[in-house]
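Nothing in this text is a laboratory measurement; each read-out follows from the coordinates by a stated rule. These numbers were taken from a predicted model, which means no experiment stands behind them. Heads up, the Cβs are rebuilt from the backbone with ideal geometry, glycines too, and the neighbour counts pull from every protein chain shown.
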Amino acid sequence: MDTSLGSTSSGNGKVPVPIRIGPMQVYPPILQAPMAGYTNFAYRQVVREFGGAGLQATEMVNARGFVWLDEHDCEHPDRLWGIKEEPRPLAVQIWDNDPETMAKVGRRLVDEYQVSVVDINFGCPVKQVTEKAHSGSYLLRDPDRMYAIISRLVEVCAPTPVTAKMRLGCTRDTMNYIQVAQTVEKAGAAALTVHGRTAEDFFKGSADWNRIAEIKQHLDHMPIIGNGDMQTPEQVRHAYQHYNVDGVMIARAALGKPWLFAQSAAALEGRPIPPDPSIEEQRQIMLHHYELVVERFGIHRGTMLMRKFACCYAQNKPGARHFRAHISRVETQSEFYEVVEKFFPTELEADQSSTALADERACESCG
Ligand SMILES: Cc1cc2nc3c(=O)[nH]c(=O)nc-3n(C[C@H](O)[C@H](O)[C@H](O)COP(=O)(O)O)c2cc1C
């Protein structure tokens, strides 16, 4: 495997270079993944404050729903809130299986919202999207339709780049990622992100980076972004260096660690990796995140929404389980602050029980 393609090599390994996505240069070559229910305006803002993500993405937006709202003179989808004023670059991800519906929405996103990238979801494994709407990862079984959707979007969005995000296939027995990646490139997409699992895998097992690494040698020029299971800056660096990708995308691990992108950028550039913020600083970051969520969604909805983010911030810390049990029941702002005050892990607990972390790991709310 030639791992040097698309990169510059030095004595220290592969030197990070910008990913060329249409007319854009994305640098650092580290991307914040789209995550429904999570990568809203507030989360993106917190990530942006730390830096390190060369491109950020919204949650996936249902194109058919957007068109329906538009035709019924309703407000645009909630998930597009704030993006007109938001700093760029920003990718908005959309999903559906109908080329014309997708084209209609793509055009709106380009004209009205002036987004940097229109990204298409070909990876979602959730039944509501696959079985009910024949969209997301369901489309991996139908490369012709994928071609029709992408090429139509490319046509109407130009010169704004159109990208795609996919999994390795629908099932372990039908992994057609090479053929699909070639189709995506032929249809004119400016980049492709590959999550190294199949739809059938959902989140089971490990992401298969060897398969991700195979893809690039079968393509002409389209950049490949690898995704799956990146938890530490060192893993991001390793993936970038060894798996023949132009960029690395991080999703779940950064939900409670929005500083992971900045740490990963340092790792890629061979700079000292900034340490994690202290636990007290992390508490303050979480409270800042909460304020942004409330500003956007109002106190009640914001508090409900923040329960799961708060769990992510506490994850892997001593006392996280206890904190989770309390925070997942708060309903008001004062309850939220009270529980954080009383139960958010402290430096003292961390010092006392660094060995008792194992059972605190899973945070169900983080998917
Ligand atoms: C709660 C949740 C929501 C997600 N929503 C989306 C989405 O809207 N669009 C998408 O392309 N992928 C979505 N994903 C998949 C992630 O973008 C990513 O591909 C996957 O989590 C693997 O990366 P990771 O191991 O770094 O988490 C979602 C994942 C999770 C856990």
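In the chain, the DSSP beta bridges split such that about 15 percent are antiparallel, to the nearest 5. GNM remark for the chain: springs join alpha carbons under 10 Å apart, and the peak mean-square fluctuation among 96, 229, 70 falls on 70. Near the amide H of residue 170, within less than 5 Å, lie the amide hydrogens of 176, 199, all on another chain or at least 5 residues away, with H placed in the peptide plane. For residue 20, nonlocal amide neighbours, meaning residues 5 or more places apart or on other chains whose placed amide H falls under 5 Å from its own, are 26. Rounded to the nearest 10 degrees, the inclination of helix 260-269 to the longest alpha-carbon principal axis of the chain is 60 degrees. Using the Karplus relation 6.51 cos²θ - 1.76 cosθ + 1.60 with θ = phi - 60°, the per-residue 3J(HN,Hα) values for the stretch 280-288 come to 5, 5, 5, 4, 5, 4, 5, 5, 4 Hz, with x marking Gly and Pro. For the chain, a simple Cβ point-charge model (Lys and Arg +1, Asp and Glu -1, everything else neutral) yields a dipole of about 480 debye relative to the Cα centre. The angle between the Cα long axis of helix 233-242 and the longest principal axis of the Cα atoms of the chain comes to about 20 degrees, rounded to the nearest 10.
Given a Förster radius of 51 Å and the C-beta distance between residue 155 and residue 335 as r, what FRET efficiency does 1/(1 + (r/R0)^6) yield to the nearest 0.05? Step by step, r from the Cβ atoms, then E = 0.50.
Couplings for the stretch 74-83, taken from phi via the Karplus curve 6.51 cos²θ - 1.76 cosθ + 1.60 with θ = phi - 60°, read 8, 5, 5, x, 3, 5, 9, 4, x, 6 Hz in order; Gly and Pro are left as x. Extension gain, residue 174 to residue 132, is 13.1 nm, computed as 0.36 nm per intervening residue step minus the present C-alpha separation. In the chain, helical runs assigned H by DSSP with n ≥ 4 each contribute -39500 (n - 2.57); averaged across all residues and rounded to the nearest 500, the mean residue ellipticity at 222 nm is -12000 deg cm²/dmol.
Using the Karplus relation 6.51 cos²θ - 1.76 cosθ + 1.60 with θ = phi - 60°, the per-residue 3J(HN,Hα) values for the stretch 171-186 come to 9, 4, 7, 10, 7, 10, 4, 5, 4, 5, 4, 5, 5, 4, 5, 4 Hz, with x marking Gly and Pro.
Working from Cα pairs under 8 Å separated by at least six residues, relative contact order for the chain is 14 percent.
Mean-square fluctuation check for the chain, GNM, Cα pairs under 10 Å: which of 253, 207, 158 is largest? So, out of 253, 207, 158, the one fluctuating most is 158. If you fit an axis through the alpha-carbon atoms of helix 333-343 and take the longest principal axis of the Cα set of the chain, what angle between them do you get, 0 to 90°, nearest 10? The angle comes out at about 70 degrees.
Diffusion of the chain by Stokes-Einstein, at 10 °C in a medium of 1.306 mPa s and with Rh set to the Kirkwood radius over alpha-carbon pairs, works out to 75 µm²/s.
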